[in-house]
Amino acid sequence: STDVLTAAHVADRDAHWWETCGVRYCIDGTTLHPRGKVGDVYPVDAAVLHLSEPCTAHPVAVWSGGLERGEPLVVVGHGGALRKASLPGTFSYYGTLVEELFYLKMLCYEGTVWPGDSGGAVLNRRGELVGVISSFSVQPGRGYVLENSAVRVELLLPWLDLVMKRPTYSTP
């Protein structure tokens with residue numbers, strides 16, 4: 001089978017199918033990060049979907065270094081039922097807040113992530129996976145998007161090693 005990294009708030013919605021390149025795959029099980037959900041909050045918005053059959057899509061290399069402030073990023077989402085990747089220069093890495101260690105913050109100059117983009121990839125300039133789209137924040141009363149957040153993949157690596165080596169169990 002194939003494992004797919006996504007956002008916990010996406011995987012936690014009773015999803016039964018995952019689609020890529022026009023092919024649908026049955027989700028055989030889901031593993032939320034141990035801190036993936038506390039009440040209605042997702043402190044670490046990460047989950048792994050276990051697909052019932054091998055996926056033919058090529059995996060993306062995982063980031064193994066540091067990001068520089070202002071480094072351009074590309075986000076890949078599926079909001080509005082349209083799979084898309086941002087143009088270069090649309091997003092850049094801003095930093096990490098002390099109170100949100102597991103998230104990288106992106107400033108958006110000419111666009112934003114949208115509902116439905118959650119769980120999509122955030123890639124650095126070398127095309128390596130650095131994050132998983134999680135959320136955006138809006139300025140109250142004005143509707144301006146202030147920032148976009150993604151779970152930092154490098155902090156998930158020890159957990160991913162455990163989850164992807166563990167046998168998967170079917171869900172009813």
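The values are calculated or read from the model by the stated rules, or taken from the named source; none is laboratory data. As the structure is a computational prediction, the values presented were derived from the model and not from experiment. In this analysis, Cβ positions are derived from the backbone assuming ideal geometry, glycine residues included, and neighbour counts consider all displayed protein chains. To get the accessible areas, we keep the full protein, side chains included, count just its heavy atoms, and leave off ligands, DNA and RNA. Shrake-Rupley method; radii C 1.70, N 1.55, O 1.52, S 1.80 Å.
Using amide H atoms built 1.01 Å from N in the peptide plane, name the residues 5+ places from Thr2, or on other chains, whose amide H lies under 5 Å from its own.
Here the answer is Leu51, Glu53, Cys55, since their amide H atoms fall under 5 Å of that of Thr2.
Quick check on packing: order 59-65, 155-161, 16-22, 49-55 by the mean number of other C-beta atoms within 10 Å, highest mean leading.
Top to bottom by mean Cβ count within 10 Å: 49-55, 155-161, 59-65, 16-22.
Got a sec to turn the phi values of region 57-64 into Karplus ³J(HN,Hα) couplings, 6.51 cos²θ - 1.76 cosθ + 1.60 with θ = phi - 60°, whole Hz, x for Gly and Pro?
Result, ordered by residue: 5, 7, x, 8, 5, 8, 5, 10 Hz.
Filter the trypsin sites (Lys or Arg not before Pro) in region 1-55 down to the DSSP loop ones having no more than 11 other Cβ atoms within 10 Å, then list what survives.
Details: sites: Arg13, Arg24, Arg35, Lys37; in loops: Arg13, Arg35, Lys37.
Sites meeting the loop and neighbour criteria: Arg13.
Diagonalise the Cα gyration tensor of region 1-48 and give the resulting equivalent ellipsoid semi-axes, square root of 5 times each eigenvalue, largest first, whole Å.
Working: eigenvalues 92, 19, 15 Å².
Gyration-tensor ellipsoid for region 1-48: 21, 10, 9 Å.
Suppose all protein chains stay in the model; what accessible area per residue would a 1.4 Å probe give for region 10-79, in Å²?
Details: 4120 Å² over 70 residues.
About 59 Å² of surface per residue is accessible.
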